[in-house]
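Accompanying notes for the structure given below.
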Amino acid sequence: MTSEVAVAYMERTIWAQLIASVIGLVVYLALIVPQLITTPVGEIAWVWPMVGTIAGGIVLSIVLSIAWGIVARMRDPELEHTADQRDREIERFGERVGQGFLAIGAIGALILAMVEAPWFWIGNALFLGFFLSAVLGGMARLGAYRRGFQ
């Protein structure tokens with residue numbers, strides 16, 4: 001595998017996080033949307049499904065990252081499989097992008113709390129902020145890997 005084709009160490013990790021985040025959201029929505037259709041918001045069991053999908057997403061991300069790293073090392077043992085300075089700069093860039101969406105989710109949750117919205121909506125606003133932060137920050141990182149980073 002040439003360096004032009006090789007996927008950088010941190011890029012593999014970002015892909016693992018994106019995959020896990022999307023799967024986590026889909027699972028959470030599959031558990032919650034049916035309740036939202038048939039149950040009053042105040043009675044929806046959302047806390048443990050949210051905790052479970054967040055924890056499951058973290059575990060899945062770690063497992064995918066480790067498995068992909070093992071495969072990459074077996075495929076090309078001479079290739080460097082650690083983060084370098086460019087990876088760290090791209091990581092900081094992605095964090096800055098992601099933090100904006102996390103702040104939007106937090107502001108949305110704060111506004112919902114101010115108008116005394118049900119906890120369901122407040123919790124889900126925060127959850128959406130975390131999801132958008134992870135996915136859009138990850139997409140910004142991937143864009144930096146693919147199109148270059150100044």
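The values are calculated or read from the model by the stated rules, or taken from the named source; none is laboratory data. In this text the structure is predicted, and so the values were computed from the model without any measurement. Keep in mind that these areas ignore ligands, DNA and RNA; they rest on the heavy atoms of the full protein, side chains included. Shrake-Rupley method; radii C 1.70, N 1.55, O 1.52, S 1.80 Å.
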Whole-percent carbon and sulfur share, accessible surface of the range 7-99, 1.4 Å: 70 percent
Principal-axis tilt of helix 47-75 within the chain, Cα atoms, nearest 10 degrees: 10 degrees
Nearest-10 value in Å² for the accessible area of Phe131, using the 1.4 Å probe: 40 Å²
Accessible heavy-atom area order of Trp48, Trp121, highest first, probe of 1.4 Å: Trp48, Trp121
Accessible area of Met10 in the full protein assembly, 1.4 Å probe (Å², nearest 10): 40 Å²
For the chain, convex hull of alpha carbons as volume per residue, Å³: 109 Å³
Accessible surface ranking that places the most exposed of Arg12, Arg146, Arg73 first, with a 1.4 angstrom probe: Arg146, Arg73, Arg12
Sum of -39500 (n - 2.57) over DSSP H runs of 4+, divided by residues of the chain (222 nm, nearest 500): -28500 deg cm²/dmol
Accessible surface, per residue, of the chain when the full set of protein chains is kept, probe 1.4 Å, Å²: 63 Å²
Folded to 0 to 90 degrees: helix 119-147 orientation relative to the chain principal axis, Cα: 20 degrees
On Cα atoms only, tilt of 9-38 relative to the major axis of the chain in degrees: 20 degrees
